[in-house]
Amino acid sequence: MSDSHPIRPRAVIFDLGKVLLDFDYRIAARTLSPHSRLGPDDFKQVLDQSPLLHQYESGQITTAEFESEVRKLTGYVSTAEHFRAAFGDIFTEIPEMIVLQDGLRRRGIPTYIFSNTNEIAVGHIRARYPFFSGFDGLVLSYEIGAMKPHEASYIAVERHTGLSGTELLYVDDRAENIAGGAVRGWQALLHESSAVTVAEVLRRVGA
């Protein structure tokens, strides 16, 4: 998996979705579709399989513009409050990973979130999940105008943390995102199971 004596990182960078929080857009689609002309499966396609979400999460369009486009594509007719509450409420905690981050924080090891995400999701997560406030910083695609695995997003992390290369240990569930970090010399760890990731992160930080 890795060298027996890796360089100890100075910070740990966590992806958010599928690493700290699981998510499922079917949950939102089931809530929203009764207020539209589409069934849940087709509504979900609009939310996460069309170019629209990419535009939203890369900061090309605002929350209001995203909602307006969803309305046009689906015929959704309920309130903005209903839409945003349902669109954001798709997450469940991955407890082992949240415990890992909390343990690193308590040891004084800086931790950061590096995520392709959007304003609605972040607002919901910030209000619902206390662990989210326990990071040293957040690098969010919609704020920086770039999404993983685009090089600009990794540069934004380095600027935000003041660290680079092997000083950064990066955990993500997508191989193409991990590859983007590895190219820049980061210690890149593909997240496939919580047990394996927890053990490897703790080993690398010397805990």
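The values are calculated or read from the model by the stated rules, or taken from the named source; none is laboratory data. Predicted model, so just to flag it, every value in this text is computed and none were measured. Cβ atoms come from the backbone with ideal geometry, glycine included; neighbour counts cover every protein chain shown. What goes into the accessible areas is simple: the full protein's heavy atoms, side chains included, and nothing from ligands, DNA or RNA. Shrake-Rupley method; radii C 1.70, N 1.55, O 1.52, S 1.80 Å.
When semi-axes √(5λ) of the Cα gyration tensor in Å is calculated directly from the model, which label among (i) 31, 24, 21; (ii) 33, 17, 14; (iii) 29, 19, 16 fits?
Answer by label: (ii).
Quick one: compute the contact order of the range 54-174, relative version, from alpha carbon pairs under 8 angstrom and 6+ residues apart, as a percent. Write down the numbers at each step before the final one.
Numbers: 109 pairs, mean separation 35.1, N = 121.
For the range 54-174, the relative contact order is 29 percent.
Under 17 Å from the Cα of LYS72, which lysines turn up, not counting those fewer than eight places away in the same chain?
The qualifying lysines are LYS44.
Considering only the other residues whose Cβ falls under 12 Å of the Cβ of PRO51, what net charge follows from Lys and Arg at +1 and Asp and Glu at -1?
Once all neighbours under 12 Å are counted, the net charge is -3.
If we count every other residue with Cβ under 11 angstrom of GLY185's Cβ, Lys/Arg +1 and Asp/Glu -1, where does the sum land? Show your work: numbers first, answer last.
Values: positive: ARG184; negative: GLU158, GLU167.
Local net charge: -1.
Taking the chain as a Gaussian network, where each spring joins two C-alpha atoms under 10 Å apart, which residue of VAL12, VAL171, VAL77 fluctuates the most?
Between VAL12, VAL171, VAL77, it is VAL77 that shows the largest mean-square fluctuation.
Given contacts defined as C-alpha pairs under 8 Å and at least six residues apart, what's the relative contact order of the chain, whole-number percent?
Once divided by the residue count of the chain, the mean separation gives 28 percent.
Taking all protein chains as present, what is the carbon and sulfur share of the accessible area of the chain, in % to the nearest whole number, probe 1.4 Å?
Of all accessible area on the chain, carbon and sulfur atoms account for 50 percent.
Would the range 1-122 count as rounded, prolate or oblate if I go by the C-alpha gyration tensor, calling it rounded below 1.5 in a/c and otherwise prolate when a/b exceeds b/c, oblate otherwise? Intermediate values should be presented prior to the final figure.
Details: a/c = 2.76, a/b = 2.46, b/c = 1.12.
Since a/c reaches 1.5 and a/b is larger than b/c, the shape of the range 1-122 is classed as prolate.
So for the pair THR79, SER50, with labels modelled 7 Å out along Cα→Cβ, what separation do we get in nm?
2.4
Magnitude of the Cβ-charge dipole of the range 32-122, K/R +1 and D/E -1, about the Cα centre, nearest 20 debye?
It works out to roughly 160 debye.
Quick one: grab the alpha carbon gyration tensor of the range 158-207, order the square roots of its eigenvalues as a ≥ b ≥ c, and give me rounded if a/c is under 1.5, else prolate or oblate depending on whether a/b is larger than b/c.
Oblate.
Sum up the charges of everything whose Cβ sits under 13 Å from the Cβ of ILE90, counting Lys and Arg as +1 and Asp and Glu as -1, but leave ILE90 out.
Taking every other residue near ILE90 into account, the sum is +1.
Of ILE144, TYR129, GLY59, which is farthest on the positive side of the dipole of the chain, counting Cα position, with +1 on Lys and Arg Cβ, -1 on Asp and Glu Cβ, and the Cα centre as origin?
Checking the options against the dipole of the chain, the answer is TYR129.
If you place +1 on the Cβ of every Lys and Arg, -1 on the Cβ of every Asp and Glu, and leave all else neutral, what size is the dipole of the chain about its Cα centre, to the nearest 20 Debye?
Result for the chain is approximately 340 debye, rounded to the nearest 20.
Need one number: nm distance between label points at ARG126 and ASP102, each 7 Å from Cα along Cα→Cβ, rounded to one decimal.
Taking the simple label geometry, ARG126 and ASP102 are separated by 2.2 nm.
R0 = 25 Å: FRET efficiency of THR92 with GLU65, Cβ-based, nearest 0.05?
The value I calculate is 0.30.
Can you give me the C-alpha center-to-center distance between the range 169-184 and the range 48-123, rounded to a whole angstrom?
If you average the Cα positions of each part, the centres end up 20 Å apart.
Working from the alpha-carbon coordinates of the range 117-207, get Rg over Rh, Rh being the Kirkwood radius.
Values: Rg = 13.8 Å, Rh = 14.3 Å.
Reported Rg/Rh, Kirkwood definition of Rh: 0.96.
By the gyration tensor of its Cα atoms, with a ≥ b ≥ c the square roots of the eigenvalues, what is the shape of the range 70-185: rounded for a/c under 1.5, prolate for a/b over b/c, or oblate?
oblate
I want the antiparallel fraction of DSSP beta bridges within the chain, as a percent rounded to 5.
Rounded to the nearest five, the antiparallel share is 15 percent.
Where is the GNM fluctuation largest for the chain (alpha-carbon springs, 10 angstrom cutoff): THR111, THR62, THR79?
The residue with the greatest mean-square fluctuation here is THR79.
Could you state the accessible area per residue of the range 66-196 in Å², with a 1.4 Å probe and every protein chain left in place?
Counting only protein heavy atoms, the per-residue value for the range 66-196 is 45 Å².
Along the charge dipole of the chain, Cβ charges K/R +1 and D/E -1, which of LEU169, VAL183, GLY75 sits furthest on the positive end?
Value: LEU169.
Between LEU202 and SER133, how many nm apart are label points set 7 Å from Cα along the C-beta direction?
2.8
Roughly what angle does helix 151-161 make with the longest principal axis of the chain, taking Cα atoms, 0 to 90 degrees, to the nearest 10?
60
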